[in-house]
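Written below as structure tokens is the structure these notes are about.
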Amino acid sequence: MHRQFEAHARTAPDAVAVRWADREVTYAELDARANRFARLLLARGHGRGAKVGLCLDYSIDLLVALLGTLKAGAAYVPLDPAYPEARLRLLLGQVPDLAMIVASPATFAQVESAPAEVVVFDELADYLAGLAGTAPDVAVTGDDVCYAVFTSGSTGTPKLTAVRHEGWFNLLNWLMLEFGLNSGSDNLVVSAFGFDLSQRSLMMPLFCGATQHLLASRNFDAAMAYRLLNRHGIRVVHCASSTLYLLVDWETARKGDALTRLDYVIFGGEPLHVERLAHWMRREGNTCTLLHQYGVAECTDVASSYDLADYRPGEHDIAPVGRPAYNTDLHIVDEHMRGVGAGEYGEILIAGTSVGAGYLNGTGPESERFTTIEVDGEPRRVYRTGDRGHVDSNGDLVIAGRMDAQVKVRGMRIDPTDIERALGRLPGVRQAAVAVAHTDSGDAELIAFLVPIGDDLAEDDVRAGLLATLPRNMVPARFVNTARIPLSPHGKVDRPALVREFRSNFADSGTPA
């Protein structure tokens, strides 16, 4: 991956690579700083095959550390500083053989208890200044792991899924060639560092020679993001659907046009509610292309893409996610792993270059999602996504939902059992269940149902307790005290019944659900 960036540093050394707050660095400067960081890693024995945790806020230093890690032949692991310390401790326990963690003065306390060495980037300045700014001679292959991100597992334990250089290069090369991205395709990162989508958003502009813009904020700030879109020549934004809704609402309320002037918004990660975008899409003069994409973290984030300009409400019940990316194949199979007929529903399998290296901490049933099937008489390595879908009459993939209990809320895949376990550890909670309901506007939201030990639990107290151990996106929007948790005939929590009860109670009280 880093070789493509290095090529731009040679041919356009004075071009601006990154802008953050009131600072900017050129391609030549960023390349030299990343080379020095790579040499530091190698001097400490953290070269090819090592895993380096990055617990840094969005900044120029983050990209120096990220590129330097790749140049050393190592793989980086995003440790999102927006997560609470307890969550980070849980994630750190899932990283086998973590070589080192890079932190800042602001994030050091969040990871100082890790078993690996923790270094503060700012304190390395003098040592780095004494190292050569030329690239180290490290042989890296397409099979080497370049990064690993956390994704919820069906067991409730976060899984660390590894992406290979070949898959990441293939994805960005496809995006660049298919959609004509170039040195003018300046980008703004708006998603959290721990999100798989953010990894391609971080590298895409550097891959095609453009400028990367970073928010000077740990959490997404719609006002700040929109100001940057207005102020700079940003052409591309990658984001989850829910983030796009926020940006569209912000623009619509202020009668602005910064979004409509973009070349692309590349988005996905959760079920799309086209009605949230329809009025904005029809605005006169809107030249922004919306690419609705589908993929999973285990397969380098993107497997297919669909231009929403082709969407016709009367023709589609659900907005398609399009056709496969370069060197990617999609297979739809039944419960016996046999291909289904045209238009029939089944589980979606992803094959090809994008399939990742597997779970680095996987020893349970989820590792079996990486498997082999026979296609045209030849064995093919595939990933079983657990998503249900079909191919429509136009040849486009349509996602119908999950085949298991995992859900997507605001672009992030979440396992309700992960939240239920955190609730169960709070004082006063006898039992807890988490379900997903939809608001009147169609957005998914988490609802926690609590059986208290004694008196009813106060919503503010429960929310505060969860925020100490879970990232904000995993904290339910609502908390409901209940006398019991209903079970299905199979003895499992009956989440649909909980949602029906919730809506019935709100309907009886006259309060909108």
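With a requirement of 1 or more residues that are aromatic (Phe, Trp, Tyr), the helices (runs of 4 or more DSSP H) lying completely within the range 8-109 that satisfy it span 27-43. Could you tell me which residue of the range 113-169 is nearest to the chain's Cα centre (by Cα), considering only residues that are assigned to a helix (DSSP H, G or I) and under 30 Å from Arg402 (Cα atoms)? So, considering only residues that are assigned to a helix (DSSP H, G or I) and under 30 Å from Arg402 (Cα atoms), the one nearest to the chain's Cα centre (by Cα) is Trp168. Scanning the range 403-438 for residues that are closer than 25 Å to Leu244 by Cβ, open to solvent by 60 Å² or more (accessible area, probe 1.4 Å) and of a type in the set (Lys, Arg) returns a single hit, Arg410. The residues on offer are Ala148, Ala116, and the sole one that is among the small types (Gly, Ala, Ser) and farther than 16 Å from Thr300 by Cβ is Ala116. Starting from residues that are among the hydroxyl-bearing types (Ser, Thr, Tyr) and surrounded by fewer than 19 Cβ atoms within 10 Å (Cβ to Cβ), keep the ones in the range 315-355 and report whichever is modelled with the lowest pLDDT. Across the range 315-355, the extreme among qualifying residues is Tyr345. A count restricted to the range 393-442 and to residues that are under 19 Å from Phe150 (Cα atoms), under 20 Å from the mean Cα position of the chain (by Cα) and not polar (S, T, N, Q) stands at 15. Quick check on the range 296-314. Is at least one of its residues touching a strand residue (DSSP E or B) at 6+ places or on another chain (Cβ under 7 Å), surrounded by fewer than 19 Cβ atoms within 10 Å (Cβ to Cβ) and over 17 Å from Leu262 (Cα atoms)? No, the conditions are met nowhere in the range 296-314.
So that you can scan it fast, the table gives a plain yes or no per residue for (1) open to solvent by 50 Å² or more (accessible area, probe 1.4 Å); (2) part of a helix (DSSP H, G or I); (3) over 30 Å from Ala240 (Cβ atoms); (4) of a type in the set (S, T, N, Q):
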| position | (1), (2), (3), (4) |
| --- | --- |
| Phe449 | no, no, no, no |
| Asp461 | yes, yes, no, no |
| Gly465 | no, yes, no, no |
| Thr469 | no, no, no, yes |
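How about the range 268-286: which of its residues are outside any helix (DSSP H, G or I) and either at pLDDT 95 or above or aliphatic (A, V, I, L, M) (or both)? Across the range 268-286, the qualifying residues are Leu272, Leu277, Asn286.
Scanning the range 199-242 for residues that are polar (S, T, N, Q) and either part of a helix (DSSP H, G or I) or over 16 Å from Ile60 (Cα atoms) (or both) yields Gln199, Ser201, Asn219, Asn230, Ser241, Ser242.
Determine whether the range 243-252 contains at least one residue that is touching a helix residue (DSSP H, G or I) at 6+ places or on another chain (Cβ under 9 Å) and outside any helix (DSSP H, G or I).
In the first step, residues of the range 243-252 are kept if they are touching a helix residue (DSSP H, G or I) at 6+ places or on another chain (Cβ under 9 Å); the result is 243-252.
Now drop any that are not outside any helix (DSSP H, G or I), which leaves none.
Scanning the range 243-252, I find no residue that is touching a helix residue (DSSP H, G or I) at 6+ places or on another chain (Cβ under 9 Å) and outside any helix (DSSP H, G or I), so the answer is no.
Of all residues in the range 89-105, those that are farther than 10 Å from Val118 by Cα have Cβ atoms under 9 Å from Cβ atoms of residues that are of a type in the set (Lys, Arg), 6 or more apart or on another chain, in Gln94/Lys159; Val95/Lys51; Pro96/Lys51; Asp97/Lys51; Leu98/Lys51. Residue pairs whose Cβ atoms lie under 6 Å apart, sitting 6 or more positions apart in sequence or on different chains, and linking a residue in the range 55-77 that is open to solvent by 10 Å² or more (accessible area, probe 1.4 Å) to a partner that is charged (D, E, K, R), are Asp57/Arg218.
The values are calculated or read from the model by the stated rules, or taken from the named source; none is laboratory data. What you see is a predicted model; the values in this text were computed from it and never measured. Note that each Cβ is placed from the backbone with ideal geometry, even for glycine, and that neighbours are counted across all protein chains shown. What goes into the accessible areas is simple: the full protein's heavy atoms, side chains included, and nothing from ligands, DNA or RNA. Shrake-Rupley method; radii C 1.70, N 1.55, O 1.52, S 1.80 Å.
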